[in-house]
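*Asks:* What follows is a single structure, and I will ask about it in a moment.
Just so it is clear, none of the values below were taken in a lab; they were calculated from the coordinates. Keep in mind it's a predicted model, so treat the numbers as computed, not measured. Note that we place each Cβ from the backbone using ideal geometry, even for glycine, and neighbour counts take in every protein chain shown.
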Amino acid sequence: MSQTQNGYKITANRTPYRRAGLDLSEPLTLSADALSKGQIETLKADPVVHIEETDVPADDVAPADGEPLKPAKNAKELIEQIGQVEDVASLDALADGEDRKTVLDAIKAQRAKIQGEAE
């Protein structure tokens, strides 16, 4: 019998949809530790998003419904994505609910770069 850990099943009522740095075009099943406290609060406050607590396999093989897990972006991947953003609105979407200092610093630097190019 495989072990489980706390997690979340997250869906959006419309697609494409991004919130708290997550692509919600398809349902996501993530372990609780894959999300920051700020991301969870942002997702729960959004009326378009449905987030429910669920158990996920501790070994990350697959959730009970048979769909493979899609891990949340880690800070390194998110910072790489931020470096490719070309507009402030997209940066704001990535910053929504984000509380990791390294990610926020990357957003601030990219915002300065975008605004510097616009002047």
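*Asks:* What's the local net charge at residue 87, with K and R +1, D and E -1, over the other residues with C-beta under 13 Å away?
*Replies:* Here the count lands on -1.
*Asks:* Towards the positive end of the charge dipole of the range 1-59, with charges on Cβ (+1 Lys, Arg; -1 Asp, Glu), say which of 48, 38, 24 has the farthest Cα.
*Replies:* Highest projection toward the positive end goes to 48.
*Asks:* At 0.36 nm per residue, and after removing the present C-alpha to C-alpha distance, how many nm does the segment from residue 80 to residue 105 gain when stretched out fully?
*Replies:* 7.8 nm
*Asks:* Note down the magnitude of the dipole of the range 72-114 about its Cα centre, charges +1 on Lys and Arg C-beta and -1 on Asp and Glu C-beta and zero elsewhere, to the nearest 20 debye.
*Replies:* With Lys and Arg at +1 and Asp and Glu at -1, about 200 debye.
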